Amino acid sequence: MFISTSSYAATILILGDSLSAGYGMSEEQGWVQLLRNQYPEHDIINGSVSGETTAGGLRRLPSLLDSSAFDLVVVELGGNDGLRGFPPNKLKSNLTKIIELSQDNGAKVLLTEIMVPPNYGPRYTSMFNDVYHQLADEFDIELVPFFMLEIAPNPNLMQRDGIHPNVEAQPRITQWMQPWIINALKK
C-alpha cells in the first residue's frame, strides 16, 4: 500500500535496538532498509544497534544529532532495559532525555511502545509499559503500538531464539511503522 508523503524530503533517524538493527540478517533485509526502498526521497538513517539500552542510545544520540539536522527521530528503545530488569524510573529518565535532546535539536519525535514478557511479573511489566504512555502524554507525542505483538506469537515470523523477528517478518514491520512515520512528517 502506498501512502503519499509530505512535499519535502525529510531526514529521519531510527534510534533503536536489535529489532530495528536487523539482528540475524543482512541490513538490506531489515525493515528500515525496506522503508528506505519505499521512500527514496527521504534520508533514513538507521542509528540502531543490537543490544542497545536506553542509556546507550542516550550516550550515542548527541553525535548522531551533530551529524545531521533530523526532521524526525523514531525512538525504538527499552527492550534490553526490560530484559535486564532495569528500574522503570531509569528507563523513563533516559527516554525523557532522548526526547528532549531530539526536540531541542528541532526534530519531531515518534516513540515506539516496548513491552517485556509477562514472566517479569505483572507489577514490573505494568510499570515498564506505563513509562511509554506517560511520556507520550507528557510530551504530547505519538506512541506507536508495539509492533511485536502481531509477530511474536507466530513462530513462522520469529528467529530460533524466540526473541527476534526473522526476514519474513520485516515487511510486516515496515507496513506497521510506515503510516506512523509518514503521518508524523505531515504534522
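Peptides 90-97, 152-159 ranked from most to least packed, by the mean per-residue count of other Cβ atoms within 10 Å: 90-97, 152-159. The simple Förster model, with R0 at 30 Å and r as the Cβ-Cβ distance, assigns Glu150 and Ser63 a FRET efficiency of 0.35. Per residue, the accessible area of the chain comes to 47 Å² when a 1.4 Å probe rolls over the protein heavy atoms.
Simple spin-label estimate for Glu138 and Gln29 gives 3.8 nm between the two label positions (7 Å along the Cα-to-Cβ direction from each Cα). Cross-link reach is defined here as a Cα-Cα straight distance under 30 Å, omitting same-chain residues fewer than 8 places apart; for Lys186 the lysines meeting it are Lys92, Lys97, Lys108.
To the nearest 20 debye, what charge dipole does the chain have about its Cα centre, counting +1 at the Cβ of each Lys and Arg and -1 at the Cβ of each Asp and Glu?
Numbers: 13 positive and 21 negative charges, 57 e Å.
Approximately 280 debye in magnitude.
Both radii were evaluated on the Cα set of segment 60-139; the Rg over Rh quotient, with Rh as the Kirkwood radius, amounts to 1.01.
Shown for the chain are no DSSP H helices, since none reaches 18 Å along its axis, judged by Cα atoms, with a mean Kyte-Doolittle hydropathy of at least 0.5.
Which of rounded, prolate or oblate describes segment 6-49 when judged by the alpha-carbon gyration tensor and an a/c cut-off of 1.5? Taking the square roots of the gyration eigenvalues as a ≥ b ≥ c, segment 6-49 is oblate. Calculated on the Cα set of the chain, radius of gyration then Dmax: 15.5, 46 Å. Quick check on segment 1-84: take the gyration tensor over C-alpha atoms, sort the square-rooted eigenvalues as a ≥ b ≥ c, and tell me if it's rounded (a/c under 1.5), prolate or oblate. Taking the square roots of the gyration eigenvalues as a ≥ b ≥ c, segment 1-84 is oblate.
Each Lys and Arg contributes +1 and each Asp and Glu -1, all at the Cβ; summed about the Cα centre of segment 121-187, the dipole is approximately 200 debye.
The values are calculated or read from the model by the stated rules, or taken from the named source; none is laboratory data. Not measured: the values here are computed from a predicted model. Don't worry about glycine lacking a Cβ; one is built from the backbone with ideal geometry, like all the others, and counts go over all protein chains shown. Heavy atoms of the whole protein, side chains included, go into the accessibility calculation; ligands, DNA and RNA do not. Shrake-Rupley method; radii C 1.70, N 1.55, O 1.52, S 1.80 Å.
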